[in-house]
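Contents: one structure, followed by commentary.
The values are calculated or read from the model by the stated rules, or taken from the named source; none is laboratory data. Quick caveat: nothing in here was measured; it's all calculated off a predicted structure. Here Cβ is always computed from backbone atoms with ideal geometry, including for glycine, and neighbour counts include all displayed protein chains.
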Amino acid sequence: MPSIVIYYNLPFIGRKPIDDINRHDVMNVLNRIVDRGVIDTAHRTKATISRVMQYAVETGRAQYSPVPGSGALPPVKTKHMASITEPTQVAELLRAIDAYQGGVTVRAALRLAPLVFARPGELRLMKWVDVDLDNAEWKYTVSKTKTDHIVPLSRQAVEILEYIHPLTGGGEYVFAGIRPGRAISNMTLNRALQTMGYDTKTEITGHGFRAMARTLLAERLHFPAEVIEHQLAHKVPDALGMAYNRTKFIDDRRRMMSVWADYLDKLKTANFAKVVPIDRAAG
């Protein structure tokens, strides 16, 4: 039984005969968790109690499950990673990244992050064996879904990787850390953003480059949602349900990544008295 359930349940219903537990007992446990402000923990605890009670019913140890229905608890508030999606603010961020005075490896990772908008853990663990500079592709296995993924590399992304190759190309990781054989830490990008003066709780995080790309690609460059979602390595509904294919829309995605990189370049040098988004149809 998960530790959260033991911690919250054992003092109140853990030693009670399972067939004697009623709905009031369960709600008493759940409300104590809600009162502590950890709504997500309350929902996980409720789900675990439900599985235990259902097993008790199926094996004849209880006559019914006393776990309340779905409306018994407050909804979990979705936590969104901080991101910047206003073009003028994106431009300021990009210029700040270009001016960042940290180590070469971290500077390269920061510059590449908005261009490929991969999950931070996957970016920091990028391996040279997965990078094909000749064909401008980065192939890797998505940590969250365990699916193979392709990131078409724009001209700008290739230039960054070519720049850092003489420094880290002899090792395993593109963004090698200080310790031999290790990549930069999972907090490196956020610390760099903090050094640049950004609040990683309210303004931008390493993960926020994904929301930035999704928003601007859709709202400013008008790329189709399914193309964007495939490039984000999200499962996209199709005629057979939820699906992901690493090569689907690959030509559209390759073009989108190039247009995106050019758009970011334009933002950095734009006169925001009159911003004119680039025409993606121009290819």
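May I ask you to say which residue of I164, I160 is closer than 20 Å to L267 by Cβ and more than 15 Å from the chain's Cα centre (by Cα)? Walk me through it before giving the result.
On the way: I164 fails: closer than 20 Å to L267 by Cβ.
After applying the criteria, what remains is I160.
Got at least one residue in the range 32-49 being within 30 Å of R210 (Cβ to Cβ), aliphatic (A, V, I, L, M) and in contact with a Pro (Cβ under 7 Å, 6 or more places away or on another chain)? Full working, then the answer.
First pass over the range 32-49, keeping only residues within 30 Å of R210 (Cβ to Cβ): 37-44, 47.
So of that shortlist, the ones also aliphatic (A, V, I, L, M) come out as 38-39, 42, 47.
From what's left, in contact with a Pro (Cβ under 7 Å, 6 or more places away or on another chain): 39.
The answer is yes, given that some residue of the range 32-49 is within 30 Å of R210 (Cβ to Cβ), aliphatic (A, V, I, L, M) and in contact with a Pro (Cβ under 7 Å, 6 or more places away or on another chain).
For the subset of the range 231-247 comprising residues that are over 14 Å from the mean Cα position of the chain (by Cα) and of a type outside the set (A, V, I, L, M), which member is modelled with the highest pLDDT? Can you show your working first?
First pass over the range 231-247, keeping only residues over 14 Å from the mean Cα position of the chain (by Cα): 236-247.
Applying the additional criterion that residues be of a type outside the set (A, V, I, L, M) yields 237-238, 241, 244-247.
Values: P237: 57, D238: 56, G241: 47, Y244: 60, N245: 69, R246: 72, T247: 79.
That would be T247.
Exactly one of (1) of a type outside the set (S, T, N, Q); (2) within 19 Å of D98 (Cβ to Cβ); (3) surrounded by fewer than 17 Cβ atoms within 10 Å (Cβ to Cβ) is unmet by G170. Its number?
So the condition that G170 fails would be (2).
Of the conditions (1) modelled with pLDDT of 85 or more; (2) surrounded by 16 or more Cβ atoms within 10 Å (Cβ to Cβ); (3) within 30 Å of R220 (Cβ to Cβ), G102 clears all except one; give me its number.
It is condition (2) that G102 fails.
Using beta carbons and a limit of 6 Å, which pairs, at least six apart or on different chains, have the first residue in the range 61-84 and modelled with pLDDT of 75 or more and the second one among the acidic types (D, E) and surrounded by 10 or more Cβ atoms within 10 Å (Cβ to Cβ)?
Final answer for the pair search is A62/D19; A82/E203.
If I ask for residues that are among the small types (G, A, S), surrounded by fewer than 15 Cβ atoms within 10 Å (Cβ to Cβ) and not in a helix (DSSP H, G or I), which ones from the range 22-79 would you list? Write out each step before concluding.
In the first step, residues of the range 22-79 are kept if they are among the small types (G, A, S); the result is 37, 42, 47, 50, 56, 60, 62, 65, 69-72.
Cutting the leftovers down to surrounded by fewer than 15 Cβ atoms within 10 Å (Cβ to Cβ) gives us 37, 47, 60, 69-71.
Those that are among the small types (G, A, S), surrounded by fewer than 15 Cβ atoms within 10 Å (Cβ to Cβ) and not in a helix (DSSP H, G or I): G37, G60, G69.
Against the conditions (1) closer than 23 Å to P87 by Cβ; (2) at pLDDT below 95, where does I250 fall short? Just the number, please.
Among (1) closer than 23 Å to P87 by Cβ; (2) at pLDDT below 95, I250 violates only (1).
Taking the conditions exactly as written (within 19 Å of the chain's Cα centre (by Cα), surrounded by fewer than 19 Cβ atoms within 10 Å (Cβ to Cβ), of a type in the set (A, V, I, L, M, F, W, C) and assigned by TED's automatic domain parsing to the domain that holds Y198), does V142 satisfy them or not? Even if it seems obvious, please write down each step before you answer.
Values: within 19 Å of the chain's Cα centre (by Cα): yes; surrounded by fewer than 19 Cβ atoms within 10 Å (Cβ to Cβ): yes; of a type in the set (A, V, I, L, M, F, W, C): yes; assigned by TED's automatic domain parsing to the domain that holds Y198: yes.
For V142, the condition - within 19 Å of the chain's Cα centre (by Cα), surrounded by fewer than 19 Cβ atoms within 10 Å (Cβ to Cβ), of a type in the set (A, V, I, L, M, F, W, C) and assigned by TED's automatic domain parsing to the domain that holds Y198 - is met.
With respect to the numbered conditions (1) under 29 Å from D251 (Cβ atoms); (2) of a type outside the set (A, V, I, L, M); (3) crowded, with 21+ Cβ neighbours inside 10 Å, which one is the sole condition not fulfilled by R220?
(3)
Based on what the data block shows, is T195 of a type in the set (V, I, T), modelled with pLDDT under 95, over 16 Å from the mean Cα position of the chain (by Cα) and closer than 23 Å to L94 by Cα? If you could, list the steps in order and put the result at the bottom.
Working: of a type in the set (V, I, T): yes; modelled with pLDDT under 95: yes; over 16 Å from the mean Cα position of the chain (by Cα): yes; closer than 23 Å to L94 by Cα: yes.
Against the criterion (of a type in the set (V, I, T), modelled with pLDDT under 95, over 16 Å from the mean Cα position of the chain (by Cα) and closer than 23 Å to L94 by Cα), T195 qualifies.
Does the range 234-250 contain any residue that is of a type in the set (S, T, Y), assigned by TED's automatic domain parsing to the domain that holds T141 and more than 19 Å from L115 (Cβ to Cβ)? Steps first, answer last, please.
Initial filter on the range 234-250 (of a type in the set (S, T, Y)): 244, 247.
Of the ones still in play, those that are also assigned by TED's automatic domain parsing to the domain that holds T141 are 244, 247.
Still in the running and more than 19 Å from L115 (Cβ to Cβ): 244, 247.
Looking for residues that are of a type in the set (S, T, Y), assigned by TED's automatic domain parsing to the domain that holds T141 and more than 19 Å from L115 (Cβ to Cβ), one finds at least one in the range 234-250, hence yes.
Which members of the range 98-119 meet the condition of being under 25 Å from R253 (Cα atoms) and either outside the structural domain of D265 (by TED's automatic domain parsing) or part of a helix (DSSP H, G or I) (or both)?
Filtering the range 98-119 down to residues under 25 Å from R253 (Cα atoms) leaves 108-119.
Within the range 98-119, A108, A109, L110, R111, L112, A113, P114, L115, V116 qualify.
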